[in-house]
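> Below is a structure I'd like to ask you about.
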Amino acid sequence: IREKIRKVDISGHNEPIKYNKDDELGQLVKEYNRMVLELADSADKLARSQRESAWREMAKQIAHEIKNPLTPMKLSIQHLVKAKREGVDDWDSMFQKFSSSLIEQINTLSNIATEFSNFAKMPVSSMVEVDINSVIDEVLTLFSGYSNTRFSYFNSYKEPIIVKGDREQLFRVFVNLSKNSVQSIDKLRKGEVTITISCSEKTVIVTIADNGRGIPEELQGRIFSPNFTTKSGGMGLGLAIVKGIVENTGGRIWFETEINTGTKFFVELPLLKNSL
């Protein structure tokens with residue numbers, strides 16, 4: 001009983017205690033089992049409420065993001081119809097100009113739909129033993145073709161570094177962070193992205209550092225918000241997804257940044273026992 005009570009998790013699954021005798025100890029077990037059921041019900045209601053609130057906010061953001069490209073699309077078509085009706089001389093060149101703009105706005109809508117779809121269909125995690133070394137090696141291979149950005153890798157651990165998580169989702173975390181690092185670097189500057197692995201007795205920390213623009217102080221508090229972005233043509237779901245994956249794996253993510261010097265993102269994950 002003491003061990004079960006010690007392991008009670010307010011947000012996780014708690015096993016009831018099996019005890020059939022109706023004595024003083026049995027009464028205590030019944031109270032514990034009742035508490036476990038009520039705790040599970042409360043956690044479920046809280047999670048449902050949080051999900052509903054999050055989706056309401058997301059729906060508002062989607063509507064806002066879709067209206068942005070729709071308005072110039074509507075005005076462009078109205079302008080073209082009016083010009084055609086009035087028989088303007090340079091209608092062909094006008095059509096070419098507006099059609100390019102329309103295609104650009106359609107691509108923006110497509111990007112919004114794709115990004116939201118990725119957020120909405122977050123797959124159920126398949127928790128297995130994952131070697132962080134192999135995940136980072138795969139990420140480095142993927143980004144090896146960037147001509148204006150050099151990737152460096154520092155890892156003194158030759159043996160596997162094992163965590164419990166979904167390999168595909170963890171790969172997605174480090175791809176997203178690496179892509180953000182590349183995109184934060186001005187095109188006129190030679191890009192430098194450094195990935196470093198360090199381990200303690202219980203955790204592994206993967207650091208992704210760049211020499212980009214840095215994150216302004218007024219934006220830092222919103223960087224992991226699901227509807228926050230500093231880019232055009234997107235909904236800012238990338239880092240929100242990353243944070244969710246890391247936390248679902250039992251880890252945490254944070255960053256350090258300095259304007260015009262660069263940003264470091266830290267991903268800390270729990271090691272499996274005796275993995276090093």
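The values are calculated or read from the model by the stated rules, or taken from the named source; none is laboratory data. For clarity, every value in this text was computed on a predicted model and none was experimentally measured. When we count neighbours, we look across all protein chains shown, and the Cβ atoms used for this are built from the backbone with ideal geometry, even at glycine. Ligands, DNA and RNA are excluded from the accessible area calculation, which covers all protein heavy atoms including side chains. Shrake-Rupley method; radii C 1.70, N 1.55, O 1.52, S 1.80 Å.
> If I filter the range 22-42 for residues that are assigned to a loop (DSSP other than H, G, I, E, B) and modelled with pLDDT of 70 or more, do I get at least one hit? Show your work before the answer.
Our first condition is that a residue be assigned to a loop (DSSP other than H, G, I, E, B); within the range 22-42, this holds for 22-23.
Of the ones still in play, those that are also modelled with pLDDT of 70 or more are 22-23.
Within the range 22-42, one or more residues are assigned to a loop (DSSP other than H, G, I, E, B) and modelled with pLDDT of 70 or more.
> From the residues in the range 60-113 that are modelled with pLDDT under 80 and among the acidic types (Asp, Glu), which one is least open to solvent (accessible area, probe 1.4 Å)?
Glu65
> Right, next: Given the condition modelled with pLDDT of 90 or more, charged (D, E, K, R) and farther than 30 Å from Ile103 by Cβ, answer yes or no: does some residue in the range 263-271 qualify? Explain how you work it out, then say what you get.
Our first condition is that a residue be modelled with pLDDT of 90 or more; within the range 263-271, this holds for 263-271.
Narrowing the set further to residues that are charged (D, E, K, R) leaves 264, 268.
With the extra rule that they be farther than 30 Å from Ile103 by Cβ, the set shrinks to 264, 268.
Yes.
> Quick check on this structure: which one of Glu256, Glu218 is part of a strand (DSSP E or B), of a type in the set (D, E, K, R), open to solvent by 60 Å² or more (accessible area, probe 1.4 Å) and modelled with pLDDT of 80 or more?
Details: Glu218 fails: part of a strand (DSSP E or B).
Of Glu256, Glu218, the one residue that is part of a strand (DSSP E or B), of a type in the set (D, E, K, R), open to solvent by 60 Å² or more (accessible area, probe 1.4 Å) and modelled with pLDDT of 80 or more is Glu256.
> For residues that are touching a helix residue (DSSP H, G or I) at 6+ places or on another chain (Cβ under 9 Å), among the charged types (D, E, K, R) and touching a residue at least 40 places away in the same chain (Cβ under 8 Å), tally how many sit in the range 143-164.
Going residue by residue through the range 143-164, those that are touching a helix residue (DSSP H, G or I) at 6+ places or on another chain (Cβ under 9 Å) are 143, 146, 148-149, 151, 153, 155, 157-163.
Okay, now just the ones that are also among the charged types (D, E, K, R), so 158-159.
Imposing the further condition that a residue be touching a residue at least 40 places away in the same chain (Cβ under 8 Å) reduces the set to 159.
Residues that pass the stated criteria total 1.
> Within the range 165-175, does at least one residue satisfy the condition of being open to solvent by less than 50 Å² (accessible area, probe 1.4 Å) and either out of contact with any helix residue (DSSP H, G or I) (no Cβ under 9 Å at 6 or more places or on another chain) or of a type in the set (Ser, Thr, Tyr) (or both)? Give the derivation first.
So the first thing to find is which residues in the range 165-175 are open to solvent by less than 50 Å² (accessible area, probe 1.4 Å), and the list is 165-166, 169-171, 173-175.
With either out of contact with any helix residue (DSSP H, G or I) (no Cβ under 9 Å at 6 or more places or on another chain) or of a type in the set (Ser, Thr, Tyr) (or both) added as a condition, the list becomes none.
No, the range 165-175 contains no residue that is open to solvent by less than 50 Å² (accessible area, probe 1.4 Å) and either out of contact with any helix residue (DSSP H, G or I) (no Cβ under 9 Å at 6 or more places or on another chain) or of a type in the set (Ser, Thr, Tyr) (or both).
> So if I check each of Ile185, Ile195, which one is surrounded by 15 or more Cβ atoms within 10 Å (Cβ to Cβ), closer than 21 Å to Val246 by Cβ, over 17 Å from the mean Cα position of the chain (by Cα) and at pLDDT 85 or above? Talk me through it step by step, then tell me what you get.
Details: Ile185 fails: closer than 21 Å to Val246 by Cβ.
Sole residue among the options that is surrounded by 15 or more Cβ atoms within 10 Å (Cβ to Cβ), closer than 21 Å to Val246 by Cβ, over 17 Å from the mean Cα position of the chain (by Cα) and at pLDDT 85 or above: Ile195.
> Within the range 198-215, which residues are polar (S, T, N, Q) and either at pLDDT below 90 or more than 17 Å from the chain's Cα centre (by Cα) (or both)?
At the first step, the residues of the range 198-215 found to be polar (S, T, N, Q) are 198, 200, 203, 207, 211.
Ser198, Ser200, Thr203, Asn211 - these are the residues of the range 198-215 that are polar (S, T, N, Q) and either at pLDDT below 90 or more than 17 Å from the chain's Cα centre (by Cα) (or both).
> Pick from the range 153-164 the residues that are outside any loop (DSSP other than H, G, I, E, B) and either touching an Asp or Glu at 6+ places or on another chain (Cβ under 7 Å) or within 19 Å of Glu247 (Cα to Cα) (or both): which of them is least open to solvent (accessible area, probe 1.4 Å)?
Of all residues in the range 153-164, those outside any loop (DSSP other than H, G, I, E, B) come to 153-154, 162-164.
Among the residues that remain, those that are also either touching an Asp or Glu at 6+ places or on another chain (Cβ under 7 Å) or within 19 Å of Glu247 (Cα to Cα) (or both) are: 162-164.
Numbers: Ile162: 32, Val163: 0, Lys164: 93 Å².
Taking the candidates together, the pick is Val163.
> Within the range 132-145, can you find the residues that are of a type in the set (Ser, Thr, Tyr) and either assigned to a helix (DSSP H, G or I) or surrounded by 15 or more Cβ atoms within 10 Å (Cβ to Cβ) (or both)?
Let us first name the residues in the range 132-145 that are of a type in the set (Ser, Thr, Tyr), namely 134, 141, 144.
Once the filter is applied, which keeps residues that are of a type in the set (Ser, Thr, Tyr) and either assigned to a helix (DSSP H, G or I) or surrounded by 15 or more Cβ atoms within 10 Å (Cβ to Cβ) (or both), the range 132-145 yields Ser134, Thr141.
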